[in-house]
Each structure stands twice: as structure tokens, then as C-alpha cells.
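These notes concern the structure reproduced below.
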Amino acid sequence: MKKQSLILISFILSLNTFTNSSEINSAVGKAKVIDGDTIIINGEKIRFAGIDTPERNKVGHNFSKIKLKKKLGNNIISCLREPQLDPWGRTIAECFLDDESISSFMVKNGYACDYKKYSKKKIC
């Protein structure tokens, strides 16, 4: 009986560790759009991995930002964080609306460029 209890406790602890680990690597919530490749979820600034959109005051900035806002709407977004931050301290992540990669959507529709140096050819 004691052995079964120990096995059950070990299983529960490992399950709890897995849950906490996946929570650390993901961000989920409604997004505030900053520009075509950056959002904020629950106060965390997240830069989409592997894509680039025009910077503020550049041609196309507002266009990509508007298209991203329209795509995301008021939906729940889930992001899988990469291990390191970008040079400006932002989280880098692959984000999804349902099962669709937001980065792929932005590139395939011409609202963003595949940032080949960082995308690892996963965008297109």
C-alpha cells in the first residue's frame, strides 16, 4: 500500500512539474497590437519570431498593424516563447490563433517579410 502511495505521489509531482514547465514556456490571452510584428499579452511585450514588418514612420507600418489587428480581433492568442529575449528585452515567440501561425499568416498575405536569418525556414 505504501509503495502505491509513493508511486501516486511521484506521478502527481511529475505532472505538476510538466504543467508548470509548459506555463513558463507559453503566454495565452487577448493581445494588444503594437505593430505588425509585436503584441502585448498580459503586460508582456512579445515579438513574433522569424518575421519583420516596417518600423514606425515607414511605408507599410500602419497597413501591417491594421491587418494584424483585424486578424486577431478579440480572440485568445497562444504563444510559445523562445529561450532568449531580443536585443530590446522583448520576448520572442511563435504565436497562434487557434492552430494557425500568426507569423505565417502575416508573411503569406504580404503583410510581413520572412526574416530568414531567424525564421529557420519555418514561416513559408
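Quick note: the coordinates plus some simple rules give every number you see, no bench work behind them. Treat the numbers as computed from the prediction; the structure is a model and nothing was measured. Methodologically, a virtual Cβ is constructed for each residue, glycine included, from the backbone with ideal geometry; neighbour enumeration extends over all protein chains shown.
A few notes on this one:
- Restraint check, Lys30/Lys58; Lys71/Lys108; Lys69/Lys108; Lys30/Lys116, Cα-Cα greater than 23 Å: Lys30/Lys58; Lys30/Lys116
- Within the shell of other residues whose beta carbon sits under 9 angstrom from the beta carbon of Asp37, the net charge comes to -1, with Lys and Arg scored +1 and Asp and Glu -1.
- Less than 5 angstrom separates the built amide H of Arg90 from none of the residues sequence-distant by 5 or more or on a different chain.
- For Ile51, the residues whose amide H sits under 5 Å from its own are Tyr115, ignoring neighbours fewer than 5 places away on the same chain, with H placed 1.01 Å from N.
- Using θ = phi - 60° in the Karplus curve 6.51 cos²θ - 1.76 cosθ + 1.60, the 3J(HN,Hα) couplings for the range 24-36 round to 5, 8, 9, 10, 9, x, 6, 9, 9, 7, 8, 7, x Hz; x is entered for Gly and Pro.
- Amide hydrogen neighbours beyond the local backbone of Gly36, cut-off 5 Å, H modeled: Lys65
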